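Engineer: Before anything else, here's the structure in question.
The values are calculated or read from the model by the stated rules, or taken from the named source; none is laboratory data. Since the model is a prediction, treat every value here as computed from it, not as a measurement. Glycine gets a Cβ as well: all are built from the backbone with ideal geometry, and neighbour counts include every protein chain shown. Heads up: the accessible areas ignore ligands, DNA and RNA and are worked out on the full protein's heavy atoms, side chains in. Shrake-Rupley method; radii C 1.70, N 1.55, O 1.52, S 1.80 Å.
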Amino acid sequence: MIYIKHEEEIELIRKSALLVSNTLALIAELLKEGVTGLYLDQKAEEFIRSHNAIPAFKGLNGYPGTLCISKNEAVVHGIPNKDIFKQGDTVSIDCGVLMNEFYGDSAYTFIIGDSSEEIKKLVRVTEESLYKGIDQAIAGNRVGDISYAIMYHTEKMQHYGVVKELVGHGVGRNLHEAPEVPNYGSKGKGPMLKEGMVIAIEPMINLGTRQVKQLNDGWTIVTKDGKCSAHFEHTLVIRKDKAEILSDHQPVKESIKNNPELLKYFV
Ligand code: MG
Ligand code: MG
């Protein structure tokens, strides 16, 4: 069942999504060579709780972290650990919060120092594909229109691998609601999009094969060929002519600009 949200509910989801955005912005201030994912995770949890909110991922099916920190060949669901970040790491940070009974969900991929042209392009094109998907997220279109736009921009145009095992989703009183929003599919297929539906779109795009596997930690999803993966996510509400993005990557980009250790290539 796909819930249509009232404006009051949408405002609460926006508040949660903006707290996620500000958490990602804080992480973008702190992320650099030599720090650990565990340190970032602690800072994120403190920040979220100081706003009378709850980290949404923590405890979900037993997940131990506030953030998912997925480095290089990790696609998503990387558990924060004691490993230190190094120059050239590509780091996807995914965060969710629960506040006032509503969830928000967003993700961003950072590069520490510098990286190869092909990885920089992967990250840029993955972010672009998020907005290609959002362009299709309007009332009267179908979920497949979003999926196709992402797939076209990444797989068709660049021959990247589009991960099929993990998908975007509805957001509301649950972190993951109907409908599923795959990053591959066909135009005109899938559930009809209606004004007031709130969804998270989250392309997960691999430099090489689309094939993924799960590590023995029971969480981390990595590419089968060990090549880099990127991931961006927004929570948004379907409107008549243009989706309204409820999360906000602008504060994240501001933090990147002010952090000398992060690559500014795509900001
Ligand atoms: Mg997420
Ligand atoms: Mg999500």
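Engineer: Order the following by accessible area, largest value first: 253, 121. Probe radius 1.4 Å; ligands, DNA and RNA are ignored. Present the calculation step by step, with values, prior to reporting the outcome.
Structural biologist: Working: 253 30, 121 75 Å².
Heavy-atom accessible area, descending, gives 121, 253.
Engineer: Quick one: Karplus J couplings for region 22-38, per residue in order, coefficients 6.51, -1.76, 1.60, θ = phi - 60°, nearest Hz, x for Gly and Pro?
Structural biologist: Here the 3J(HN,Hα) series is 5, 5, 5, 5, 4, 4, 5, 6, 9, 5, 6, 4, x, 8, 10, x, 4 Hz.
Engineer: For the full complex of protein chains and a 1.4 angstrom probe, list 142, 49, 14 by accessible area with the highest value first.
Structural biologist: The most accessible residue leads, giving 49, 142, 14.
Engineer: Given points 7 Å out from each Cα along the Cα-Cβ axis, report the residue 35 to residue 217 separation in nanometres with one decimal.
Structural biologist: With each label placed 7 Å out from Cα toward Cβ, I get 1.8 nm.
Engineer: Oh, and also: When the Cα centres of region 16-36 and region 147-220 are compared, how far apart do they sit, in Å?
Structural biologist: Result: 23 Å between the Cα centres.
Engineer: Further question: How would you rank 65-71, 238-244, highest first, on the average number of other Cβ atoms within 10 Å across their residues?
Structural biologist: Averaged packing, sorted descending, gives the order 65-71, 238-244.
Engineer: Something else about it: Could you size up the charge dipole of the chain around its Cα centre, putting +1 on the beta carbon of Lys and Arg and -1 on that of Asp and Glu, and report it in debye to the nearest 20? Present the calculation step by step, with values, prior to reporting the outcome.
Structural biologist: Details: 31 positive and 36 negative charges, 103 e Å.
Charge dipole of the chain: 500 debye, to the nearest 20.
Engineer: I would also like to ask the following. Ranking request for peptides 201-207, 176-182: highest mean number of other beta-carbon atoms within 10 Å first, then the rest in descending order.
Structural biologist: By packing density, highest mean first, the sequence is 201-207, 176-182.
Engineer: Which whole-number value in Å² is the accessible area per residue of the chain, probe 1.4 Å?
Structural biologist: Ligands and nucleic acids excluded, the figure is 42 Å² per residue.
Engineer: For every helix of n ≥ 4 consecutive DSSP H residues, a contribution of -39,500 (n - 2.57) applies; sum these over the chain, divide by its total residues, and give [θ] at 222 nm rounded to the nearest 500 deg cm²/dmol.
Structural biologist: -9000 deg cm²/dmol
Engineer: What distance in nm lies between label points placed 7 Å from Cα along the C-beta direction at residue 120 and residue 139?
Structural biologist: Distance between the two pseudo-spin positions: 4.3 nm.
Engineer: Going by average Cβ density within 10 Å per residue, which order do the peptides 210-222, 92-104 take, highest to lowest?
Structural biologist: Working: 210-222: 15.8, 92-104: 23.9.
Sorting 210-222, 92-104 by mean packing, highest first, produces 92-104, 210-222.
Engineer: Please report the carbon-and-sulfur percent of the accessible area for the chain; probe 1.4 Å, protein heavy atoms only, DNA, RNA and ligands left out. Don't skip to the end; give the middle numbers.
Structural biologist: Details: 5490 of 11280 Å².
Carbon-and-sulfur percentage of accessible area, whole number: 49.
Engineer: Pull up the cross-link candidates among the aspartates and glutamates for residue 164, meaning alpha carbon to alpha carbon under 15 Å and not fewer than 8 places away within one chain.
Structural biologist: Straight-line reach from residue 164, under 15 Å: 155, 180, 202.
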